[in-house]
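The values are calculated or read from the model by the stated rules, or taken from the named source; none is laboratory data. What you see is a predicted model, and the numbers here were worked out from it, not measured in a lab. A quick note on method: Cβ atoms are made from the backbone with ideal geometry, for glycine too, and the neighbour counts reach across all protein chains shown. Each accessible area value is taken on the protein alone, full model and side chains, heavy atoms only, with ligands, DNA and RNA left out. Shrake-Rupley method; radii C 1.70, N 1.55, O 1.52, S 1.80 Å.
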Amino acid sequence: HNRDDQTIVNMVVEIPKFTKAKMEIDTKTQHNPIKQDLKKGKLRDYHGPIFWNYGALPQTWENPNHKGGAEVMECFGDNDPLDV
């Protein structure tokens, strides 16, 4: 949304601050629920709580075939919504 000279965007908080469960928007399941991420069949956690809200911008996507510029160290997209 544009409000005067500001642009306001909505974000989905996947990992609330002071928590450690690694949650993600499940882009492969209908309605895209937020689920705890799995690695090798086990629930993922960070080693300790993070000190900020972490999430994604809904209805966005990082193209894995697009190489970014110097500001992102020329990395490719991760095929997920944009991180916030």
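A few points about this structure:
- In the stretch 18-31, residue nearest to residue 81 (Cα to Cα) [restricted to those that are surrounded by 10 or more Cβ atoms within 10 Å (Cβ to Cβ) and either more than 14 Å from the chain's Cα centre (by Cα) or without any contact (Cβ under 8 Å) to a residue 12 or more places away in the chain (or both)]: 26
- Residues being open to solvent by less than 80 Å² (accessible area, probe 1.4 Å) and either free of Cβ contacts under 8 Å to residues at least 12 places away in the same chain or in a strand (DSSP E or B) (or both) - total across the stretch 37-69: 6
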